[in-house]
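The values are calculated or read from the model by the stated rules, or taken from the named source; none is laboratory data. Since this is a predicted model, take the numbers as computed values, not measurements. Methodologically, a virtual Cβ is constructed for each residue, glycine included, from the backbone with ideal geometry; neighbour enumeration extends over all protein chains shown. To get the accessible areas, we keep the full protein, side chains included, count just its heavy atoms, and leave off ligands, DNA and RNA. Shrake-Rupley method; radii C 1.70, N 1.55, O 1.52, S 1.80 Å.
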Amino acid sequence: MSGLRSLLPGGQRKLWHFHGGVHLPDEKTLSNGCPVAAAPLPTQLMLPLQQHIGAPARCRVSVGDKVLKGQLIAEPQGYISAPVHASSSGTVVAIESRPIPHPSGLSAPCVVIETDGEERWAELPAPLAASAAELDACDPAALRERIRASGIVGMGGASFPTNVKLNPGKDQPIDTVVINGAECEPYITCDDLLMRERAADIVDGVRVMLHLVQAKRALIGVEDNKPDAAAALNRAIADAGVDDRVEVVVIPTLYPSGGEKQLIRILTGKEVPSHGIPAQIGIVCQNVGTAAAVADAVLRGQPLIERLVTVTGRGVVEPRNYRVPIGISAEALIAASGGYRGELAKLVAGGPMMGFRLDTDLVPITKATNCLLALTPEESPDPGAPLPCIRCGRCAEVCPANLLPQQLYWHARAKELDKVQDYNLFDCIECGCCAHVCPSHIPLVQYYRFAKTESWAREQEKRAADHARERHAAREARLERQERERKAKLRKKKEAVAAGGTKPAAAGAKPAAGGAKPAVGGAKSAPAGAQSTADAKAKSEAATAATEDRADKQALIEAARRRAAEKKAMLAKAQETTAPPADQDASAQDDAAATTKRAQPREAVVADQE
């Protein structure tokens, strides 16, 4: 495939196909008929400290602090992390755990801001370029740092820090930037409206990315059910004069064509390696929302504090798209759409295929939230209890990652984590195609998510155990080295003491009182003789000090022995007068022996043992 021309005769771009996929009712007309509306400012904003993949941000504010719109309230920790900014002005009233939109349903630390309604902006950094045409003069490192400081993450759902993704390294040259405007999941239309209304900003963001990674071209993939969005992008590209580098490619509507690996396959014919990333084949993929946010940060100095969110489904009165501040509650957005209508089967964060059910609408909108979906029982009927797998193989036919979902299911269900990874579990994109076509209604994706979570937990435990083992081995090696060094020093000291006790008698003896001359060469080499005499004197003094030290130690040993003997005699005399039973007599002897041992110095104990 890679050898085929990308353009067919007549200028039409060649498209490739990925394995599997399903055709779904798009249900996009529910919400894409109205322009984007600004959501009303809520009385409270809940800003989770972790809205991205990587380490959570570190809070920089305290309860009672006044904050301004766009002000940094949490700084990144480490390279793969992202800061958090206040999306409106107000007062910090709490820093505590609150429910967040997550498949686990757990809570996480959040900064809670009570808004003042004034929308006062903090001082923003100056733009790095007056327009996208002046980007050539900008340092790529400065651009990446601005993107990082602005808290920009992938807005297609993955929420991976954008500055990291745009820094593939010198060993991975980038040829193509792929911009994902497919928005293949049913009901969601926020990217469609963004491309219609902010096409120029998206193109400016694409130009920033091209400059950052030094790529030759950018391909914007848009499904053929969004003709207005494709037309708006083409006009913006022509107005910017970059039609030689940036191209809109209309692709067939097929779920999940918006998956990163699937879209790359459609547009370029290249396959991302298993367990690999697109940068390994010279490609970087970003979402259209991320491109617009990059333009805001570089050309206007604005951090990521708002996004478009689709509120849709037949369970709300007025489905439409909103421009919302990050941290607004799902409850407030549902209320802005007129509230719930009729019976609600479930509320979903995201789309019907890859989204997850929310147990409450008292959760905040985060950087990764693109849709609130209120489904009625007619839209989401209860499939009933799962039935046994009949091995029909339909799940394998539709899997876009070309995996074996049936085998993954069996091993995940049996908690055979090693075997499930042998079938490339982590290549699964959790698109839900397999569960959608399963006649037994088995929740396959839930099993895969469980297996992934357990595998990650086991890997973390293994890393922790390996780290502890390495630390223990290093400690043992250090103690052994210190013991060898101590013994070497002691051996050298003993050798020095022994040499000091023998040499003075042979070569360092003082001359006789009668003034006898040295036996050999004493008169001809007086300076050398004087030095030899001084050395001999020092060694003699050292030997004398060592002898005295040994004598003192021996005296201590003898004194300890005498005290022990006296105590032993006193105990024996007491035994003769009292005559205790045999068992008490043995106990007294043991106590006496223990007392004697404690009373003796270490040298005495060693002497007794010898």
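Projected label points at Arg562 and Glu134, each 7 Å from Cα along the beta carbon direction, are separated by 9.9 nanometres. Proximity of backbone amide H atoms, modeled 1.01 Å from N, is registered between Glu306 and Ile326 at under 5 Å, excluding neighbours fewer than 5 places apart on the same chain. Set the Förster radius R0 to 51 Å, insert the Cβ-Cβ distance between Ala499 and Asp427 as r into 1/(1 + (r/R0)^6), and round the FRET efficiency to 0.05. Computed FRET efficiency for Ala499 and Asp427 comes out at 0.10. Taking 0.36 nm per residue of sequence separation and removing the Cα-Cα distance, the Glu75/Lys573 pair yields an extension gain of 171.3 nm.
Taking all protein chains into account, the per residue accessible area for segment 74-156 stands at 45 Å² (1.4 Å probe). In order along segment 198-210, the Karplus-derived 3J(HN,Hα) couplings, from 6.51 cos²θ - 1.76 cosθ + 1.60 at θ = phi - 60°, round to 10, 4, 5, 5, 4, 5, 4, x, 5, 5, 4, 5, 4 Hz, and Gly and Pro are given as x.
Note that segment 430-437 has calculated 3J(HN,Hα) couplings of 6, 6, x, 4, 5, 5, 5, 9 Hz, one per residue in order, obtained from phi through the Karplus relation 6.51 cos²θ - 1.76 cosθ + 1.60 (θ = phi - 60°); glycine and proline are x. Couplings for segment 361-375, taken from phi via the Karplus curve 6.51 cos²θ - 1.76 cosθ + 1.60 with θ = phi - 60°, read 8, 8, 10, x, 7, 10, 5, 9, 7, 10, 7, 10, 10, 9, 9 Hz in order; Gly and Pro are left as x. Residues whose amide H falls under 5 Å from that of Ile220, counting only those 5 or more places apart or on a different chain, are Ile179, Glu247, Val248, Val249, with hydrogens built in the peptide plane.
One Cα centroid belongs to segment 417-439, the other to segment 105-169; the line between them spans 34 Å. Across the accessible surface of segment 319-386, with the other protein chains kept in place and a 1.4 Å probe, carbon and sulfur atoms take up 50 percent. Cα centroids of segment 324-398 and segment 187-255: 28 Å apart.
Pairs Lys69/Lys452; Lys216/Lys261; Lys492/Lys553; Lys261/Lys462; Lys170/Lys261; Lys14/Lys419: which are spaced more than 32 Å apart, C-alpha to C-alpha?
Values: Lys69/Lys452 38 Å; Lys216/Lys261 20 Å; Lys492/Lys553 21 Å; Lys261/Lys462 30 Å; Lys170/Lys261 22 Å; Lys14/Lys419 39 Å.
As for pairs spanning more than 32 Å Cα to Cα, those are Lys69/Lys452; Lys14/Lys419.
Packing around the peptides 407-420, 82-95, taken as the average count of other Cβ atoms within 10 Å per residue, puts them in this order, highest first: 82-95, 407-420.
Over segment 173-273, with the other protein chains present, what is the accessible area per residue in square angstrom, probe 1.4 angstrom? Mind showing how you got there, number by number?
Numbers: 3230 Å² over 101 residues.
With the other protein chains kept in place, segment 173-273 gives 32 Å² per residue.
Distant-in-sequence amide contacts of Lys69, defined by a placed amide H-H separation under 5 Å and a gap of 5 or more residues or a different chain, comprise Ser89, Arg120, Trp121, Ala122.
Accessible surface of segment 224-306, 1.4 Å probe: 47 percent of it comes from carbon and sulfur atoms.
Work out how much length Thr453 to Ser107 would gain on full extension: take 0.36 nm times their residue separation and subtract the Cα-Cα distance, in nm to one decimal. Please report the intermediate quantities before stating the final value.
Details: separation 346, 0.36 × 346 = 124.56 nm, distance 1.74 nm.
Difference between extended and current length: 122.8 nm.
By accessible area, using a 1.4 Å probe on protein heavy atoms only, segment 64-114 has 55% of its surface on carbon and sulfur.
How high is the FRET efficiency from Val93 to Glu123, r the C-beta distance, R0 30 Å, rounded to 0.05?
The formula returns an efficiency of 0.80 here.
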